[in-house]
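The values are calculated or read from the model by the stated rules, or taken from the named source; none is laboratory data. Please read all numbers here as calculations on a predicted model, not as lab measurements. We place every Cβ from the backbone using ideal geometry, glycine too, and count neighbours over all the protein chains shown. Remember, those area values only see protein heavy atoms, side chains included, never the ligands or the DNA or RNA. Shrake-Rupley method; radii C 1.70, N 1.55, O 1.52, S 1.80 Å.
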Amino acid sequence: MDALYIDVNKTTKSLKMNESKKVDKKCKRYAARLQSSKGVTCTEKPGINIILCNVGQATGLLKEDIVNLLNTIPSVKLKKFVAQKGESHSYLVFESESCALTFYLKYNGKKCFNNDTYLYMCFVDKVPNTEAICPYKDPEGLHIIEDFISIEEEERLIKLFDWKDDIPNLKNRQVRHFGYEFRYGSNDVDLDEPLPNKIPKECDIFWTRLKRNINLEPPDQLTVNKYIPGQGIPMHVDRHSPFGPTILSVSLGSSVVMDWRHHSGLNVPIVVPPRSILIMQDEARYDWQHGIQPRTWDPVIEHQTQNGQHVKVVTNETRNREMRISLTFRWTRRGSCDCMYKTLCDSADTKSTTDLDDTIASNLEELHVHQVYEQISRHFSSTRHQAWPQVVRFVRDSPPGAVLLDLGAGNGKNILKRSDILQIAGERSSGLLSECKNYIGDVAAADCVRLDLLYAGIRDGCADVIICIAVVHHFSTQSRRVQALQTIARLLRSGGRALITVWAKDQTKSNYLCKKKENVIQNNSIVEVAGVNLPVHENRTQFQHKDLLVPWKLRGVKEEKLADKPESTLLRFYHVFEEGELEQLCVSSNLIVEKSFYDEGNWCVVCNKP
């Protein structure tokens, strides 16, 4: 009996030692990956700083998840939680080394979250300072009147506009419309289709009070958005021509940080308190985009004076969101817009994409590439299940030990189940980034990061292999397409190889064309955006133009219930390529073309860096 007891003890001890070795090996692998891709240096010496190697904002980690773990060990006190946007790792700063060590010993290598995620961590000497300094000056024409309504009025309005879960949803929130239905696909309304439900009379109090600041007639359109923590809305500007020069938004229930982005590159976070009214006019109305990031918390923003200047500091401290309802009021109008702000204006003088300056081209891509992919990411991913055979063959040829970059990885379907090469998937869309994380989660030597952060975090000549599948055709000017190819050349090591694919203008040799549409008369509608006149393509027909907008219809996404609604059709910008055009881009970027071929409606090039 004693011998048996000793054997059981030995077996248990052996199992624990083996498990500890596995965890240690896993942590060292993460540490090496973080060092090579992010420049993060881990240490074996315990301290107050811990990096959570495999969980972060990009994987859906919430501050509440960490709080729930800390609640199981009350003696452990946390000073700071740092989760950077788009990153699959995060940091914890504890009050003392003993607190950090206690947390490390209890949870490293353990299954910690409801989604069966194992947590792997290392000690680090430094934690990034994510406090950002922003100009104090808000967009011109943006005004916030705090305590515009009382607590009692807020409660009555929440009761009036709150609803149950059976109301149809958009992807990121629940919505109701009054007067006219706001169409999110085009950010406008159909003035020929008024709604029977008008703006409730309970809103009349707003116009009386507003006369102290601005004299306005009552609006004729209202959109009510209900946000639960974790939901947001993509960056956008309400289309100029369908609406007047003033837009109002009343906030109920919770404060929120609203991000404002100017096409010059300036970003300003604005705290919108509950019971306030936000007034958008002039530049704020016409020349800035605004949006709300999908997260359960917001950073605490402090107003400070530094070097004699007023600035905003986005601190590492956070405040949890609660349920919020926004009431957005608009005044509809007909005819073209005659504003002086042409960059985002849908009525600006049109021009071809070859004439665009970089700022306008960037804005066009923001509106009709990046924002669209944020909205369709889940549906898009559901239609992409397998890598193309040509891509699979190319990646399989990568030698053991190779570093492979997938630039514009989408949902990660091109990442192979290989543990002998380091595969890094770069994706700009946060929605697709999340899909990619789920797809490659069980690939040991693979990671998925924000594409713009990937560019900033790796050195020139680091990649043995690069794939860039169906990305370059989304750049709206020749110079921006050249820049994309030059980036690929810069990241490749000497002798490295790349596979690049783009949509072909000629679809006659593909399965894309629909025989039922071969006699369709091409009467392309025209959309004006950012001063550009672009035709809207008829899906499943031959391309008639090189620069165009291609519809994406959000069908089959059950939870969005958008099958036949106008906002379910979104427009993506494409530059479709003529034969030989992609090869010329490669040559101009000092890449040597090994072979060029046509594959199911795509021009493909395999090239190398001399």
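Can you list residue pairs whose Cβ atoms sit under 7 Å apart, with the first residue in the range 101-123 being closer than 22 Å to Val40 by Cβ and the second being among the polar types (S, T, N, Q)? Count only pairs 6 or more apart in sequence or on different chains.
Leu119/Asn108; Tyr120/Asn54; Tyr120/Asn108; Met121/Asn108; Phe123/Thr43; Phe123/Asn49
Of the numbered conditions (1) open to solvent by 40 Å² or more (accessible area, probe 1.4 Å); (2) part of a strand (DSSP E or B); (3) at pLDDT below 90, Asn511 fails exactly one; give the number of that condition.
So the condition that Asn511 fails would be (2).
If Arg459 meets every condition in (1) assigned to a loop (DSSP other than H, G, I, E, B); (2) of a type in the set (D, E, K, R); (3) within 19 Å of the chain's Cα centre (by Cα) apart from one, which number is that one?
Of the numbered conditions (1) assigned to a loop (DSSP other than H, G, I, E, B); (2) of a type in the set (D, E, K, R); (3) within 19 Å of the chain's Cα centre (by Cα), the odd one out for Arg459 is (3).
Is it true that some residue in the range 256-264 is more than 23 Å from Arg334 (Cα to Cα), open to solvent by 50 Å² or more (accessible area, probe 1.4 Å) and of a type outside the set (Gly, Ala, Ser)? Give the steps one after another, and end with the answer.
As a first pass, look at the range 256-264 and keep what is more than 23 Å from Arg334 (Cα to Cα): 256-264.
Of the ones still in play, those that are also open to solvent by 50 Å² or more (accessible area, probe 1.4 Å) are 261, 263-264.
Add one more test, that the residue is of a type outside the set (Gly, Ala, Ser), and what stays is 261, 263.
Yes, because at least one residue in the range 256-264 is more than 23 Å from Arg334 (Cα to Cα), open to solvent by 50 Å² or more (accessible area, probe 1.4 Å) and of a type outside the set (Gly, Ala, Ser).
Can you tell me which of Thr383, Thr350 is at pLDDT below 85 and farther than 30 Å from Ala32 by Cβ?
Going through Thr383, Thr350 in turn, just one is at pLDDT below 85 and farther than 30 Å from Ala32 by Cβ: Thr350.
Given (1) open to solvent by 60 Å² or more (accessible area, probe 1.4 Å); (2) within 17 Å of Tyr30 (Cβ to Cβ), where does Gln84 come up short, assuming only one miss?
Status for Gln84: all satisfied but (1).
When the residues of the range 553-570 are filtered to those that are closer than 24 Å to Asn602 by Cβ and buried (at least 20 other Cβ atoms within 10 Å of the Cβ), which remaining residue is modelled with the lowest pLDDT?
Looking at residues that are closer than 24 Å to Asn602 by Cβ and buried (at least 20 other Cβ atoms within 10 Å of the Cβ), I get Leu554.
Testing Val313 on (1) assigned to a strand (DSSP E or B); (2) surrounded by fewer than 18 Cβ atoms within 10 Å (Cβ to Cβ); (3) at pLDDT 85 or above, one condition comes back false. Which one is that?
(3)
Report whether or not Arg319 is assigned to a strand (DSSP E or B), within 30 Å of Asp346 (Cα to Cα) and either modelled with pLDDT under 80 or of a type in the set (Lys, Arg) (or both).
So Arg319 does not fit the description; no.
Please note which strands (runs of 3 or more DSSP E) are completely contained in the range 233-286 and include at least 1 residues that are modelled with pLDDT of 90 or more and over 26 Å from the mean Cα position of the chain (by Cα). Step through it out loud before you land on a result.
Numbers: elements: 233-236, 243-252, 256-262, 267-272, 277-280.
Strands (runs of 3 or more DSSP E) meeting the threshold: 243-252, 277-280.
Could you look through the range 458-485, keep only residues that are of a type in the set (Gly, Ala, Ser) and open to solvent by 10 Å² or more (accessible area, probe 1.4 Å), and pick out the one that is farthest from His368 (Cα to Cα)?
Gly461
Are there any pairs, at least 6 apart or on different chains, whose C-beta atoms fall under 9 Å, with the first in the range 585-607 and closer than 24 Å to Ser510 by Cα and small (Gly, Ala, Ser) and the second modelled with pLDDT of 90 or more and not in a strand (DSSP E or B), and if so, which?
Ser596/Leu582; Ser596/Cys586
Here are some conditions: (1) surrounded by fewer than 18 Cβ atoms within 10 Å (Cβ to Cβ); (2) within 22 Å of Asp24 (Cβ to Cβ); (3) in contact with a Cys (Cβ under 7 Å, 6 or more places away or on another chain); (4) not hydrophobic (A, V, I, L, M, F, W, C). Glu97 meets all but one. Which one does it not meet?
So Glu97 meets the others, but not (3).
Considering only the range 290-309, state which residues are over 23 Å from Glu64 (Cβ atoms) and surrounded by 20 or more Cβ atoms within 10 Å (Cβ to Cβ).
His290
Which one of these does Gly308 not meet: (1) within 17 Å of Val257 (Cβ to Cβ); (2) free of Cβ contacts under 8 Å to residues at least 12 places away in the same chain?
Looking at each condition in turn, Gly308 falls short on (1).
Please work out if Asn68 is without any contact (Cβ under 8 Å) to a residue 24 or more places away in the chain and of a type outside the set (D, E, K, R).
On the way: without any contact (Cβ under 8 Å) to a residue 24 or more places away in the chain: yes; of a type outside the set (D, E, K, R): yes.
The answer is yes for Asn68.
Can you find a residue that is modelled with pLDDT of 90 or more, more than 27 Å from Gly426 (Cβ to Cβ), open to solvent by less than 20 Å² (accessible area, probe 1.4 Å) and out of contact with any Leu (no Cβ under 8 Å at 6 or more places or on another chain) anywhere in the range 116-129?
The answer is yes; a qualifying residue exists.
With respect to Arg497, is the statement that it is more than 19 Å from His368 (Cα to Cα), open to solvent by 10 Å² or more (accessible area, probe 1.4 Å) and assigned to a strand (DSSP E or B) true?
yes
Show me the strands (runs of 3 or more DSSP E) entirely contained within the range 322-427 in which 1 or more residues are over 30 Å from Leu278 (Cα atoms) and open to solvent by 10 Å² or more (accessible area, probe 1.4 Å).
By residue number, 403-407, 422-427.
Residues being under 20 Å from Glu283 (Cα atoms), charged (D, E, K, R) and either surrounded by fewer than 18 Cβ atoms within 10 Å (Cβ to Cβ) or without any contact (Cβ under 8 Å) to a residue 60 or more places away in the chain (or both): count how many of those fall in the range 185-239.
Of the residues in the range 185-239, 1 are under 20 Å from Glu283 (Cα atoms), charged (D, E, K, R) and either surrounded by fewer than 18 Cβ atoms within 10 Å (Cβ to Cβ) or without any contact (Cβ under 8 Å) to a residue 60 or more places away in the chain (or both).
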